[in-house]
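A short worksheet on the structure shown next.
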Amino acid sequence: MNLPLPVREAPKVIPGREPYRVLFPLGIAVGLAGVGLWIAHAAGLLAYPGSLHAMLLIQGFQQCFILGFLMTAMPAFLHAPHCDRIELAAAVGLLTAFVVLAGAGLVPAAQFAYAGTLLVPVAMVIRRVAAGRAGAPPEEFALVAAGFAVGLCGAVWTAGVAGGAWGEPIPRFGTRLVAFGMILPVVLGVGGLLVPTFMAMKKPLTIPGLAVAHQRGPRRALYALVVVGLLASLLLEARHQPALGSVLRAVVGSTVLLWVWKLFRLPGRPDRLSYALWSAGWLLFIGLWASVLVPQRPLVGEHIVFVGGFGFLTLGIATRVVVRHGGHPLALESRVIGTAALVLLGAAVLGRLGAEAPDPASPDRIVLLAAAAAAWVCAWGIWVAKAAPLLRVRPRSGT
């Protein structure tokens, strides 16, 4: 059933208090640019854009959505004041600088701008804690904090490599620090807190046999082991033991996905958003183990994780934020997320995996990359078309 969008006669949105209204559209724009590089390459307009594509998607698109969510929701988790205009302007300015500098090929400067984006939410927390205006966050945020620390290391590392200050132990090690050392723990931590709840699972915050809801001690121990395991997996890769690194990462990730996210359970609410999040978890699981089982094709597992796991999760959580934080009826979620967007995003995953089958020099690979990019663009284009009216305004109470 098509429900009317409740957007008429809406009161003014207060700038700064809802950062997702600015950061989500910025992320979409960056993502479309980054994925569109493959279409331009297939048309013969650009040289092979692999490095720039990875930077724009991992450090641009994903970072916009990570900051959009954290800067919007973190004050509620901390029982602290909302984001203010200066904090939002800093995030938007640094993200924009990163994209411009990366596009211009000024990689060291772009990486320092990206590092600045990581410091914005950190500064938000420090300001509120120092003023005595923040409570203790959930233990899952330990993974977020650890991820941001590794993300800073990844940015500095990539800047140093680009500037000739040092070499890399393996190709794109700095990018891997950001993707698997920063984004993956953030996803595992935030997902462990939100995914079972959004899917309306029974006792969503209970870790079976370890901790009941809000029990901190056992959670803290588990997440400390998760951080150590993920860091160790990256160190093993840096020491030219990628097989061991992949196995360790898959074991650690699977532990969180099965034990904390409880993927072995079906969603308690049978709607599109719940199954998008549930699918995201299984795509993360499959992608992590694909890197173990198909080591000769590392991009297979990585793109199942990036395009599939991160993509479906981003689509689902962004939908909940736009609807719930916008004050709209939750019944609109299924309309916003849409079947077409989910199918097209799935097609993008399959197309990107298909591109790994031909010989790297085959023209078929370029066609498949462009087709996957087009499916991705259409998926997010459909989502934007449905979410945009809700992003612009907040309905009056009682609407």
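Would a scan of the stretch 163-186 turn up a residue that is in contact with a Pro (Cβ under 7 Å, 6 or more places away or on another chain) and more than 24 Å from Pro137 (Cβ to Cβ)?
The answer is yes, given that some residue of the stretch 163-186 is in contact with a Pro (Cβ under 7 Å, 6 or more places away or on another chain) and more than 24 Å from Pro137 (Cβ to Cβ).
Given Phe312, Phe264, which one is part of a loop (DSSP other than H, G, I, E, B) and closer than 16 Å to Pro196 by Cα?
Phe264 is the lone residue from the list that is part of a loop (DSSP other than H, G, I, E, B) and closer than 16 Å to Pro196 by Cα.
Only one residue in Gly68, Gly105, Gly36, Gly60 is without any contact (Cβ under 8 Å) to a residue 60 or more places away in the chain, assigned to a helix (DSSP H, G or I) and out of contact with any Ser or Thr (no Cβ under 8 Å at 6 or more places or on another chain). Which one? Even if it seems obvious, please write down each step before you answer.
Values: Gly68 fails: without any contact (Cβ under 8 Å) to a residue 60 or more places away in the chain; Gly105 fails: assigned to a helix (DSSP H, G or I); Gly36 fails: without any contact (Cβ under 8 Å) to a residue 60 or more places away in the chain.
Step by step, each of Gly68, Gly105, Gly36, Gly60 is checked, and only Gly60 is without any contact (Cβ under 8 Å) to a residue 60 or more places away in the chain, assigned to a helix (DSSP H, G or I) and out of contact with any Ser or Thr (no Cβ under 8 Å at 6 or more places or on another chain).
Against the condition of a type outside the set (A, V, I, L, M) and touching a residue at least 60 places away in the same chain (Cβ under 8 Å), how does Pro138 come out, does it pass?
So Pro138 passes the test.
Looking at (1) modelled with pLDDT of 95 or more; (2) assigned to a helix (DSSP H, G or I); (3) under 20 Å from the mean Cα position of the chain (by Cα), which is the only condition Ala243 fails?
(3)
Could you list, in sequence order, all residues of the stretch 341-379 that are under 20 Å from Val305 (Cβ atoms) and outside any helix (DSSP H, G or I)?
Hits for the stretch 341-379 are Ala355, Glu356, Ala357.
Any idea which of Leu56, Leu67, Leu106, Leu3 is under 28 Å from Val377 (Cβ atoms) and at pLDDT below 95?
Leu3
For the stretch 198-217, enumerate the residues that are surrounded by 15 or more Cβ atoms within 10 Å (Cβ to Cβ) and more than 18 Å from the chain's Cα centre (by Cα).
Met199, Met201, Pro204, Leu205, Thr206, Ile207, Ala211 - these are the residues of the stretch 198-217 that are surrounded by 15 or more Cβ atoms within 10 Å (Cβ to Cβ) and more than 18 Å from the chain's Cα centre (by Cα).
Within the stretch 280-302, take every residue that is under 25 Å from Leu70 (Cβ atoms), touching a residue at least 40 places away in the same chain (Cβ under 8 Å) and not aliphatic (A, V, I, L, M) and give me the one that is surrounded by the most Cβ atoms within 10 Å (Cβ to Cβ).
Gly281
State whether one or more residues within the stretch 98-117 are crowded, with 17+ Cβ neighbours inside 10 Å, among the polar types (S, T, N, Q) and assigned by TED's automatic domain parsing to the domain that holds Gly50.
Yes, some residue in the stretch 98-117 is crowded, with 17+ Cβ neighbours inside 10 Å, among the polar types (S, T, N, Q) and assigned by TED's automatic domain parsing to the domain that holds Gly50.
Tell me the residue from Ile28, Ile14 that is over 24 Å from the mean Cα position of the chain (by Cα) and either part of a helix (DSSP H, G or I) or at pLDDT below 95 (or both), please.
Ile14
Any idea which of (1) crowded, with 18+ Cβ neighbours inside 10 Å; (2) in contact with a helix residue (DSSP H, G or I) (Cβ under 6 Å, 6 or more places away or on another chain) is the one Ala374 doesn't satisfy?
(2)
The values are calculated or read from the model by the stated rules, or taken from the named source; none is laboratory data. Predicted, not measured: the structure shown is a model, and the values here were computed from it. Cβ coordinates were reconstructed from backbone atoms using ideal geometry, including for glycine residues, and neighbour counts include every protein chain displayed.
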